1. I'm trying to understand the selection: among the residues of the range 187-211, which are farther than 18 Å from Thr123 by Cβ, out of contact with any Gly (no Cβ under 8 Å at 6 or more places or on another chain) and either acidic (Asp, Glu) or not in a helix (DSSP H, G or I) (or both)?
2. Would the range 26-37 turn up any residue that is without any contact (Cβ under 8 Å) to a residue 60 or more places away in the chain, outside any helix (DSSP H, G or I) and either open to solvent by less than 30 Å² (accessible area, probe 1.4 Å) or under 26 Å from Glu214 (Cβ atoms) (or both)?
3. Which one of these is assigned to a helix (DSSP H, G or I) and within 30 Å of Phe98 (Cα to Cα): Tyr161, Tyr145?
4. Quick one: what pairs do we get from the range 206-218, first residue without any contact (Cβ under 8 Å) to a residue 24 or more places away in the chain, second surrounded by fewer than 16 Cβ atoms within 10 Å (Cβ to Cβ), C-beta under 6 Å, 6+ apart or different chains?
5. I'd like the full set of residues that are surrounded by fewer than 23 Cβ atoms within 10 Å (Cβ to Cβ) and not polar (S, T, N, Q), limited to the range 86-104.
6. Does at least one position in the range 124-132 carry a residue that is without any contact (Cβ under 8 Å) to a residue 24 or more places away in the chain and surrounded by fewer than 16 Cβ atoms within 10 Å (Cβ to Cβ)?
7. Working carefully through the options Asp181, Asp195, Asp152, Asp132, find the one that is within 20 Å of Asp230 (Cα to Cα) and among the acidic types (Asp, Glu).
Amino acid sequence: MRIFAGKLAKEKGAQKVCTMYQDDDFGLEVMKGAEDGLKDYGMEMAVKTSFKRGATDFSSQMQKMAAEKCDMVIMGTIIRETIGGIATARRLGFNPVFLGSSASYTDLIHKLGKGAMDGFYSTMSTKHPYLDDASPNVARWALKYKTAFNEDPTVFSAYGYNIVDIFAQAADRAGKNLNTDTMVKALESTVVEPDMFGSAKMTFGPKKRLGTSETRLSQLQNQRWVVVGDYTSLKK
């Protein structure tokens, strides 16, 4: 979130960036990351609103941000709260730029929220695999997945595929003497190249467990996730 909070605000010319976040560790992490990202661009969070986990009514939060004339809202939400919050804003005629974390990057947002979710931005890395994807490799993989499991693949299907692929690469490097130590050593020397889903290149080491710190941006357009921002690292 830190990477794109300030960057998108500047690109959109946002004058008042606000946030609605879940009042727990997850929501606080998103909110604080957004605050740091805004500071990178010389901006501050104008209004903070929160909600308890399990909340279903977001009227007071959206009314407050509408009254404050927020023109961009950082969403420290997952799925249900993202849909409920944005749908409430639309009903109020409140239409700022909405930006969420990768926790909200799922086809459930547009499947359940329909067209009201169009325009919503989310940080992400692995691209959602649509059956008619422009990439022949992704479209072929998605069709094989649906044939095997009788349902459309989701981004979580791609995550699982990538995780197993990384494990296989490292296990092959570790060789026949596969155990925790040899697996860790193998992972630390494995370079994971960008895959067909567009995931960023990943490397690991004794002090590097994340793989990559790069992220990119997608937007819901006509109830479909579209990549709109290239991979970006923290602003130096």
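The values are calculated or read from the model by the stated rules, or taken from the named source; none is laboratory data. The structure displayed is predicted, hence computed values, not measured ones. Neighbour counts run over all protein chains shown; Cβ positions are idealised from the backbone, glycine included. Remember, those area values only see protein heavy atoms, side chains included, never the ligands or the DNA or RNA. Shrake-Rupley method; radii C 1.70, N 1.55, O 1.52, S 1.80 Å.
1. Ser189, Thr190, Val191, Glu193, Asp195, Met196, Gly205, Pro206, Lys207, Lys208, Arg209
2. No, the range 26-37 contains no residue that is without any contact (Cβ under 8 Å) to a residue 60 or more places away in the chain, outside any helix (DSSP H, G or I) and either open to solvent by less than 30 Å² (accessible area, probe 1.4 Å) or under 26 Å from Glu214 (Cβ atoms) (or both).
3. One residue alone meets the criteria, Tyr161.
4. Within 6 Å, the pairs are Ser213/Ser233.
5. Ala87, Arg90, Arg91, Leu92, Gly93, Phe94, Pro96, Val97, Ala103
6. Within the range 124-132 (the criterion being without any contact (Cβ under 8 Å) to a residue 24 or more places away in the chain and surrounded by fewer than 16 Cβ atoms within 10 Å (Cβ to Cβ)), the answer is yes, since at least one residue qualifies.
7. Asp195
Table: residues versus (1) more than 21 Å from the chain's Cα centre (by Cα); (2) open to solvent by 30 Å² or more (accessible area, probe 1.4 Å); (3) under 25 Å from Gln223 (Cα atoms).
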{"site": "Ser60", "(1), (2), (3)": "yes, yes, no"}
{"site": "Ile74", "(1), (2), (3)": "no, no, yes"}
{"site": "Thr77", "(1), (2), (3)": "no, no, yes"}
{"site": "Arg80", "(1), (2), (3)": "no, yes, yes"}
